[in-house]
Amino acid sequence: MSWSPSPSWIQRWYPSRWSEIVGNAAMIQVWLNFIANGPCNALFTGQSRTGKTRTISLGTRALVCTNRTATHDPCGHCAACKALGDGKTELWGTFKNLCGSDYSLIPIDCEKVTSEELRELPYEGKLDGNKVIVYLDEIAALRRRRLEGMLLKLIDETPAIWIASAISLKRTKGIRKGEWSERMSKEMRGRFAIKVGSSHPHADDLQPWIVARCQEWNITILEPEITIPEMIRRTCRRVGYLIHMLAEAATRAFRSIGPDDVRRFNLDSQD
Ligand SMILES: [Zn+2]
């Protein structure tokens, strides 16, 4: 009998192998280089739902894993892999030592972090070492929340490695209307040695990816010759939206997705 993951499991799915990521070749290469030669500060940018967060999550898990596979995937079984889950759990101090990983991981949600928390971050030597990875999710929020200055100081004064993600938005007014921007200051961008954008996968790569996920998750594609191209067209090749479509398919009695389901699917704002 095949395994049928729940709709909410599908919605929260994170890749556990590099081969499960479609597109984003430049981002993947950055992580493979980090694994081989050590990381440095890196900024990952791109439109929403293009797989930035999922790629960063796999990258940090692979870096922290103590028993990576020959294809540089996290093993999924070592203490570090188990402790990290989807890659948003802090791995530091005694907890890290128990896992036997060389790397610490400190994830920060920039929409929620407080000035107090940022101030306390370097306490107890938490940021002392070039094997400390601080992951800043949605870094542009810090500027809006007037916390950017505090972070610039931390980046300059500690040896930790800073990995950040930022959503690219299209400017809707002003002289730079139509340009893509991350709404970050020049000073902050300047702190990252590597800047790489996420990219939409090619339709030819997405087709086998959709088929593979549906097989793995026990979802039946009705009239695949119509349904699959329509899924790719309607989601504008964004993996995040495809995952939502498959989560919805898993809510239906027969776990199926057909042309009408795809046409009816409610995509949120086209940002
Ligand atoms: Zn592992």
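The values are calculated or read from the model by the stated rules, or taken from the named source; none is laboratory data. Since the structure is predicted, the reported quantities are computational estimates derived from the model, not experimental observations. Cβ sites come from the backbone with ideal geometry, for glycine too, and all protein chains shown count toward neighbours.
From the list 93, 76, 59, 100, the one residue that fits, being within 12 Å of the ligand (Cβ to nearest atom) and closer than 17 Å to residue 131 by Cα, is 100. Among the criteria (1) within 16 Å of the ligand (Cβ to nearest atom); (2) part of a helix (DSSP H, G or I); (3) surrounded by 15 or more Cβ atoms within 10 Å (Cβ to Cβ); (4) of a type outside the set (Ser, Thr, Tyr), the one residue 154 does not fulfil is (1). Being of a type in the set (A, V, I, L, M) and within 13 Å of the ligand (Cβ to nearest atom) holds for only one residue in 26, 70, 36, 83, and it is 83. Taking residue 187 and the conditions (1) outside the structural domain of residue 229 (by TED's automatic domain parsing); (2) within 30 Å of residue 6 (Cβ to Cβ), which numbered condition does it fall short on, given that it satisfies the others? For residue 187, the failing item is (2). Being touching a residue at least 12 places away in the same chain (Cβ under 8 Å) and more than 10 Å from the ligand (Cβ to nearest atom) is the requirement here; does residue 127 meet it? Answer is yes for this residue. Just one of the listed residues (226, 155) is outside the structural domain of residue 123 (by TED's automatic domain parsing), modelled with pLDDT of 95 or more and aliphatic (A, V, I, L, M), namely 226. Restricting 81, 75 to residues that are in contact with a Lys or Arg (Cβ under 8 Å, 6 or more places away or on another chain) and closer than 29 Å to residue 140 by Cα narrows the list to 81. Selection within the range 117-140: residues that are over 28 Å from residue 168 (Cα atoms) and in a helix (DSSP H, G or I). The member of this set that is nearest to the chain's Cα centre (by Cα) is 120. Set side by side, the residues 160, 83, 164 differ, and just one is in contact with a Leu (Cβ under 8 Å, 6 or more places away or on another chain), within 25 Å of residue 9 (Cβ to Cβ) and among the small types (Gly, Ala, Ser), which is 83.
The requirement of being in the same structural domain as residue 39 (by TED's automatic domain parsing), more than 24 Å from residue 54 (Cβ to Cβ) and acidic (Asp, Glu) is satisfied by residue 120. The set of residues from the range 1-23 being assigned to a loop (DSSP other than H, G, I, E, B) and under 15 Å from the mean Cα position of the chain (by Cα) comprises 12, 13, 14, 15, 16, 17, 21, 22, 23.
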